[in-house]
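The values are calculated or read from the model by the stated rules, or taken from the named source; none is laboratory data. Bear in mind the structure is a predicted one, so any value in this text is a computation, not a measurement. Virtual Cβ from ideal backbone geometry, glycine too; neighbours counted across all protein chains shown. When the accessible area is computed, the model is the full protein with side chains, heavy atoms only, and any ligands, DNA or RNA have been set aside. Shrake-Rupley method; radii C 1.70, N 1.55, O 1.52, S 1.80 Å.
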Amino acid sequence: MLIPYWEKAVKFANEHGVKRIALEMHPGFCVYNPETLLKLRKAVGPTIGANLDPSHLFWQGIDPVAAIRYLGDAIYFFHAKDTKIDPINAPRIGVLDTKHYSDEVNRAWIFRSVGYGHDYQLWKDIVSNLRMVGYDDVLSIEHEDSLFTAEEGFKKAVAFLKEVIPFEAKGGMYWA
C-alpha cells in the first residue's frame, strides 16, 4: 500500500515540477530509518530522499554518521537537533517511551539542543560526513528541547554549530 501511494505521489509531484521530496525518518512512520527510506527510494525513484534528523536516529540507537554514509546523495535536507538518552530510565523502560515531553525526569530520552545530547567530536563527524557525501546545503536548527526556551535553545545551538561547521569552500589538498 505504501509503494503504490508513493508511486502516484512522485508521478504527480514530477508532473508539477517537484523533483525532490524529503521524508523525515521517524519512529512510528512507515519510513523510520535509512534502510526503509532507501527501500522506498529504490521502488519509486530518486524524487524521494531524506530529511535527515539525527535526533530520531539517536533515539533509535542508529549511528547518524553511519547513516549519512549509507544514505549518501539521498540526503536532501538536514535538521540540527540532538537527543539525550537517559542513562537511568532507558535501561529500565527502553527507548520506545512515549511519556509526555514535559515529564523529562521519567522519560527514557528527550530531544535536546545541539550539543546537549552529544559532544563536539560527534557533531564534527556528522558535519564532516555530510560534506564527504556531497551535502552542501542548510543545517536547519529544529528546537524541541523542553529544558530551554526556544530563544535560549536556538542561541545555544548556533554557538555550538559555529564550532563544528566549516565555513570555507572545500579546497584542494596541499602537500609539503
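Worth a mention:
- Highest GNM mean-square fluctuation among GLY28, GLY153, GLY45, for the chain modelled with Cα contacts below 10 Å: GLY28.
- Heavy-atom accessible area order for MET132, MET25, MET1, largest first, 1.4 Å probe: MET1, MET132, MET25
- Efficiency of FRET from Cβ geometry, LYS19 and GLN60, R₀ 30 Å, rounded to 0.05: 0.55
- Rounded to whole Å, sorted largest first: equivalent-ellipsoid semi-axes of the chain, Cα gyration tensor: 27, 24, 15
- Between HIS100, HIS56, HIS143, the residue with the greatest mean-square fluctuation in the GNM of the chain (Cα pairs under 10 Å linked by springs) is HIS100.
- Here the extension length gained between THR149 and ILE3 equals 48.6 nm, from 0.36 nm per residue of separation less the Cα-Cα distance.
- Only Cα pairs under 8 Å and 6+ residues apart enter the sum, and on that basis the relative contact order of the chain stands at 18 percent.
- Where labels lie 7 Å past Cα in the beta-carbon direction, separation of ILE165 and VAL138 in nm: 1.1 nm
- Theoretical gain in end-to-end length, CYS30 to VAL105 [0.36 nm per residue, Cα-Cα removed]: 24.1 nm
- For the chain, built as a Gaussian network whose Cα springs stay under 10 Å, the top-fluctuating residue of PRO27, PRO87, PRO46: PRO87
- Rounded to the nearest 10 Å², the accessible area of VAL105 at probe 1.4 Å: 110 Å²
- Size of electric dipole in the chain: Cβ of Lys, Arg +1 and of Asp, Glu -1, about Cα centre, debye, nearest 20: 480 debye
- Straight-distance crosslink candidates among lysines, where the alpha carbon sits under 19 Å from LYS162 and sequence neighbours closer than 8 are dropped: LYS81, LYS124, LYS170
- For segment 1-122, carbon and sulfur atoms together expose 59% of the accessible surface, with a 1.4 angstrom probe and every protein chain in place.
- Distance violations [Cα-Cα > 25 Å] among LYS11/LYS42; LYS8/LYS39; LYS39/LYS99: LYS39/LYS99
- DSSP loop trypsin sites (Lys or Arg not before Pro) with at most 16 other Cβ within 10 Å: longest gap in the chain: 21-98
- For the pair segment 134-151 and segment 12-37, the centres of their Cα atoms are 20 angstrom apart.
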